[in-house]
1. Considering only segment 163-186, I want to know if a residue exists there that is open to solvent by less than 50 Å² (accessible area, probe 1.4 Å), among the polar types (S, T, N, Q) and assigned to a helix (DSSP H, G or I).
2. If you check Arg171, Arg191, which single one turns out to be out of contact with any helix residue (DSSP H, G or I) (no Cβ under 7 Å at 6 or more places or on another chain) and under 30 Å from Asp290 (Cα atoms)?
3. Just one of (1) assigned to a helix (DSSP H, G or I); (2) touching a Phe, Trp or Tyr at 6+ places or on another chain (Cβ under 9 Å) trips up Ser116, so point out which.
4. Does Leu248 meet the test of being over 30 Å from Arg145 (Cβ atoms) and either of a type in the set (Ser, Thr, Tyr) or open to solvent by less than 60 Å² (accessible area, probe 1.4 Å) (or both)?
5. Could you tell me whether Gly238 is within 17 Å of Ala88 (Cα to Cα), in contact (Cβ under 8 Å) with a residue 60 or more places away in the chain and open to solvent by less than 50 Å² (accessible area, probe 1.4 Å)?
6. Looking at segment 241-249, can you tell me whether even one residue there is within 13 Å of Met162 (Cβ to Cβ), of a type in the set (A, V, I, L, M), at pLDDT below 95 and out of contact with any Pro (no Cβ under 8 Å at 6 or more places or on another chain)?
7. Please determine, by comparing only the residues of segment 216-226 that are open to solvent by 40 Å² or more (accessible area, probe 1.4 Å) and either farther than 17 Å from Asp173 by Cβ or not charged (D, E, K, R) (or both), which one is modelled with the highest pLDDT.
8. Within segment 126-134, does at least one residue satisfy the condition of being small (Gly, Ala, Ser), open to solvent by less than 40 Å² (accessible area, probe 1.4 Å), more than 28 Å from Ser234 (Cβ to Cβ) and in contact with a His (Cβ under 6 Å, 6 or more places away or on another chain)?
Amino acid sequence: MNPGSKVRRRWVVRAGDGPLLRDVLARADVDAGAVRDGRVFVGRHRVVRDDEAVHEGDVVEVAGPQDGPGEARILADGGDVVAVEKPAGIPTIADHAGAAHALVTLAARALGVEASHLHPTSRLDRDVSGVVVFARTKAAAERLRLARTEGTYARRYVAMTMNEPHPESGRWDAPIGRSARTPRLRAVGGREAVPAATDYAVCGRAGRGAVLLAVSPRTGRTHQIRVHASHAGSPLVGDHAYGGRVRLVLPNGRVHEPGRIALHALRISVPQATGEPLVVLAPIPDALRDLWSALGGAPDAWELAGSWDFASP
């Protein structure tokens, strides 16, 4: 295998390859850091030591190294909770490409702690940006879990679609479960569907039918905002998986490919150990601001979306 390849590679263990994973990796010419980075799997199991036993017929999978996304930006440190800015393009936690490029790893490095000491209390999809809150203790993780149940873990997103929802504000409340076609995706009314609720409001309109939304999820289902918006006929810009446009023709005729989902976790409010809320904002990424401006959108739409007052659930 080429250790510098970004392509995932597979190796089927043959008789004589050796009894340990390290023997197979040596024959496959895999770089020594692959296991440490969390890029090596035996079947669906991510391995953490190269002295694990392997057997003939096992499938060893190794993802190529990822380009480093840089350093994590700590937005707020509330003692037993910490808020971190997540850029689009990296996962919140380790994925099949490993752990080294995940937000939790970068945040741990910035804080000088082990990644295992940070517990994500919510996760943003790879191509979504914004605030992610990590608990630094089990007690904090439990407090924030209860806060989500009690409705005191408040989240505000901003999103962009090319199809205005009707009515222009309201609540999407269709239940969400696993997609029958693609299990890694979700669908309204899918397998094992559970209740889900998302408040939304149109906060700005621009050219080509573009609309800026304020969004507040009342529950925390996987891909919830993306699924609800798509089901309402308003898939988010850049969200190929749920029918969003990945190529736009701007009013000046230029073709633009966003390369990310137009969804940003702008603000999170969570209870601290003192009972006081920790309110954290993540700046709107330039890529989203520039796209909205290129579509002819007014800059003050972002402020309106961030300050929109949704009715209490």
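1. no
2. Numbers: Arg191 fails: under 30 Å from Asp290 (Cα atoms).
So the residue among Arg171, Arg191 that is out of contact with any helix residue (DSSP H, G or I) (no Cβ under 7 Å at 6 or more places or on another chain) and under 30 Å from Asp290 (Cα atoms) is Arg171.
3. Evaluating Ser116 over (1) assigned to a helix (DSSP H, G or I); (2) touching a Phe, Trp or Tyr at 6+ places or on another chain (Cβ under 9 Å) leaves (2) as the failure.
4. Values: over 30 Å from Arg145 (Cβ atoms): yes; either of a type in the set (Ser, Thr, Tyr) or open to solvent by less than 60 Å² (accessible area, probe 1.4 Å) (or both): yes.
Judged against the criteria, Leu248 is a match.
5. Numbers: within 17 Å of Ala88 (Cα to Cα): yes; in contact (Cβ under 8 Å) with a residue 60 or more places away in the chain: yes; open to solvent by less than 50 Å² (accessible area, probe 1.4 Å): yes.
Answer is yes for this residue.
6. Yes, segment 241-249 has at least one match.
7. Narrowing segment 216-226 to residues open to solvent by 40 Å² or more (accessible area, probe 1.4 Å): 218, 220-222.
With either farther than 17 Å from Asp173 by Cβ or not charged (D, E, K, R) (or both) added as a condition, the list becomes 220, 222.
Working: Gly220: 92, Thr222: 95.
Looking at the filtered set, the residue picked out is Thr222.
8. We begin by selecting, within segment 126-134, every residue small (Gly, Ala, Ser); these are 129-130.
With the extra rule that they be open to solvent by less than 40 Å² (accessible area, probe 1.4 Å), the set shrinks to 129-130.
Filter again for more than 28 Å from Ser234 (Cβ to Cβ), leaving none.
No, segment 126-134 has no match at all.
The values are calculated or read from the model by the stated rules, or taken from the named source; none is laboratory data. Since the structure is predicted, the reported quantities are computational estimates derived from the model, not experimental observations. Note: ideal-geometry Cβ built from the backbone for every residue, glycine included; neighbour counts use all protein chains shown. When the accessible area is computed, the model is the full protein with side chains, heavy atoms only, and any ligands, DNA or RNA have been set aside. Shrake-Rupley method; radii C 1.70, N 1.55, O 1.52, S 1.80 Å.
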